[in-house]
Amino acid sequence: MGERVEIFEVGPRDGLQNEKRRIPLAEKVALVNCLSGAGFGRIEVASFVSPKWVPQMADSGEVLRGIRRAEGVSYAALTPNLRGFEDAMQADADEVAIFGAASEGFSKANINATIEESLARFAPVMEAANAQGVRVRGYISCVVECPYDGPVAPAQVAMVAERLWAMGCYEISLGDTIGQGRPEAVEAMLAAVSDVVPVARLAGHFHDTSGRALENIEVSLARGLRVFDAAVGGLGGCPYAPGAAGNVATETVHQKLEELGYDSGLDRDVLLKAAEMARAMRGGRD
Ligand code: HMG
Ligand code: MG
């Protein structure tokens with residue numbers, strides 16, 4: 001059996017958050033229930049953010065309460081502040097994620113805070129999570145390109161990664177939010193970040209706008225990364241990242257990993273069924 005590479009399924013959150021059509025709760029729950037049988041260790045299913053900013057995620061608590069939980073799966077939620085964290089705990093999220101950015105333009109547009117302000121806001125979330133024994137993942141958006149500020153310097157990504165790591169995030173997910181990363185740029189960024197965070201604690205989060213996500217995953221594998229975020233059906237996009245297309249599709253990453261001889265432990269038939277469900281949920285979009 002090949003070396004293990006984990007796919008972190010983010011479809012129910014990153015995949016659906018940008019959908020224009022208000023997706024009924026039952027459809028979201030059915031998608032998560034299907035994904036629960038695919039063999040994932042972690043599935044991001046919810047986001048406790050302002051419903052004015054991301055209306056599609058407004059029923060996140062009901063999603064978490066409505067799903068059938070599979071043994072051994074950690075059901076994750078985004079929590080930008082203490083209020084979000086408390087709501088996530090009320091709904092029994094198994095783990096949470098704080099999400100910042102490497103560029104000031106995106107930080108302001110996405111969470112209405114400068115990078116420094118966002119880190120200050122995350123501190124009480126970390127503290128509360130530590131007190132309750134809940135693990136916290138850290139996202140960094142715009143690790144190569146920002147829709148507002150242009151190219152992002154690797155040193156800037158490393159600075160934010162180091163801060164999130166020092167705060168206590170157990171893993172840092174590096175987001176090519178608008179899917180514009182060229183493999184050379186991803187490589188340079190990873191070189192800088194792996195100087196400050198152990199590579200085993202980094203994850204790649206590639207949107208596939210330019211069709212380069214698989215190449216960027218290969219570059220990341222060569223650099224030692226063994227965790228990749230993906231969304232079944234390739235759904236997704238970020239409402240505050242103009243032009244951002246979907247996450248790289250889980251089933252595509254799965255196939256690529258198989259070809260390269262890695263083992264993701266996933267059941268392809270279930271993945272394809274979930275991908276079909278996800279695509280059927282797609283409505284109009286920006
Ligand atoms: P703000 O306006 O600065 O915050 O927003 P505020 O504290 O002044 O609150 C504004 C309103 O939001 C208030 O309501 C609060 O009660 C409410 P109002 O008085 O106007 O009725 N509020 C909340 N409601 C529910 N849950 C909460 C919460 N907090 C405040 N937790 C805030 C700051 C962070 C809240 C806002 O900017 C926000 O919600 N942003 C979320 C944006 C988002 O979810 N983006 C998509 C996810 S990130 C992503 O997709 C990237 C990623 O995939 C990686 C990658 O691809 O790069 C992770
Ligand atoms: Mg994303």
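Here, each number is a calculation from the coordinates, and none is a lab measurement. What you see is a predicted model; the values in this text were computed from it and never measured. Glycine gets a Cβ as well: all are built from the backbone with ideal geometry, and neighbour counts include every protein chain shown.
So what is the diffusion coefficient of the chain in µm² per second by Stokes-Einstein at 20 °C and 1.002 mPa s, using a Kirkwood Rh over Cα pairs? Write down the numbers at each step before the final one.
On the way: Rh = 18.4 Å.
Translational diffusion coefficient: 117 µm²/s.
If you rank R163, R13 by fewest surrounding Cβ atoms within 10 Å, what's the result? All intermediate terms of the calculation are to be shown ahead of the outcome.
Values: R163 19, R13 27.
Listing R163, R13 from fewest to most nearby Cβ atoms yields R163, R13.
What is the distance in Å between the Cα centres of the range 64-97 and the range 104-125?
Between the Cα centres of the range 64-97 and the range 104-125 lies a distance of 21 Å.
Restricting to the range 127-286, compute how many DSSP beta bridges are antiparallel as a %, nearest 5.
On the way: 3 of 15 bridges.
The answer is about 20 percent antiparallel.
Relative contact order for the chain: what percent, with Cα pairs under 8 Å and sequence separation of 6 or more? Before the final figure, lay out the partial values.
Values: 648 pairs, mean separation 66.7, N = 286.
Relative contact order here is 23 percent.
Could you list F40, F99 in order of exposure, starting from the residue whose Cβ has the fewest other Cβ atoms within 10 Å? Spell out each step's value before the answer.
On the way: F40 25, F99 22.
Listing F40, F99 from fewest to most nearby Cβ atoms yields F99, F40.
Order of D87, D195 from fewest to most other C-beta atoms within 10 Å?
Numbers: D87 18, D195 13.
Ordered from fewest to most neighbouring Cβ atoms within 10 Å, D87, D195 come out as D195, D87.
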